[in-house]
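Below: the structure, in structure tokens.
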Amino acid sequence: MALKDVLIDELRDLYSAENQLVKSLPKLAKGSRNPELKALFTAHLEETKCQVLRLKQVFEILGKKPTGEHCNGMEGVIEEGADALEKGEEGASFDSGIIGAALRTEHYEIAGYTAAIAMTKVLGLDDVTGLLTETLDEETGAAAKILAAGQPILEAAAGEPEEEESPKTGKEKYSEKKSKEDEKKAASALRQRAS
């Protein structure tokens with residue numbers, strides 16, 4: 001497979017990711033209890049809509065259609081955000097979970113755009129590099145804003161009392177089971193590393 005084909009796949013993955021975020025960001029904004037986080041998610045939604053349009057420009061330049069890949073990675077990251085919204089946490093701890101999910105989302109995008117930009121540079125696609133760099137700068141800025149807004153929330157959450165454990169939901173039991181399976185699968189590789 002040629003590098004340009006790999007780039008097209010990567011860009012389609014990013015296009016799918018951004019479209020998924022257009023649907024999920026309003027839920028984060030609505031679910032967040034902190035007004036500053038609500039405002040950040042709402043502003044980033046508008047930025048994300050522009051990023052979708054920018055990716056359409058990239059595909060026009062490349063003479064390709066933007067659809068054709070579903071971003072399973074972003075789907076998983078968004079699911080983690082939905083899980084954070086479903087938690088029964090109180091006070092600042094609730095928004096702390098949302099902050100973690102939002103930062104994972106931004107860093108997933110940052111990794112994707114960084115890889116795509118490296119490919120466009122090698123391929124000499126300067127106009128595409130410029131468009132993607134604009135988006136990368138926005139994603140990096142969004143992560144920094146979330147972290148800055150999140151710092152006082154995390155500090156407030158650190159002062160909250162620990163809650164007693166309630167019975168696990170079916171989803172939490174399934175997640176715990178999968179976590180134990182992950183640990184078991186990695187055990188042999190970890191033993192080899194330790195030797």
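Here are the numbers for this structure:
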quantity	calculated
Where GLU90 falls short, out of the listed (1) of a type in the set (Asp, Glu); (2) surrounded by 13 or more Cβ atoms within 10 Å (Cβ to Cβ); (3) in contact (Cβ under 8 Å) with a residue 60 or more places away in the chain	(2)
Selection within segment 1-34 - surrounded by fewer than 18 Cβ atoms within 10 Å (Cβ to Cβ), farther than 16 Å from ALA101 by Cα, modelled with pLDDT of 95 or more and not acidic (Asp, Glu)	ALA2, LEU3, LYS4, VAL6
Residue in segment 48-57 that is surrounded by 14 or more Cβ atoms within 10 Å (Cβ to Cβ), within 16 Å of LEU103 (Cβ to Cβ) and modelled with pLDDT of 95 or more present	yes
Matching residues in segment 93-146 - criterion: being outside any helix (DSSP H, G or I) and aliphatic (A, V, I, L, M)	LEU125
Residue check, GLU163 within 29 Å of PRO26 (Cα to Cα), more than 21 Å from the chain's Cα centre (by Cα), loosely packed, with under 11 Cβ neighbours inside 10 Å and touching a residue at least 24 places away in the same chain (Cβ under 8 Å)	yes
Residues that are in contact with an Asp or Glu (Cβ under 9 Å, 6 or more places away or on another chain), among the charged types (D, E, K, R) and over 28 Å from GLN151 (Cα atoms), drawn from segment 28-74	ARG54, GLU69
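The values are calculated or read from the model by the stated rules, or taken from the named source; none is laboratory data. In this text the structure is predicted, and so the values were computed from the model without any measurement. Cβ: placed from backbone, ideal geometry, glycine included. Neighbour counts: every protein chain shown.
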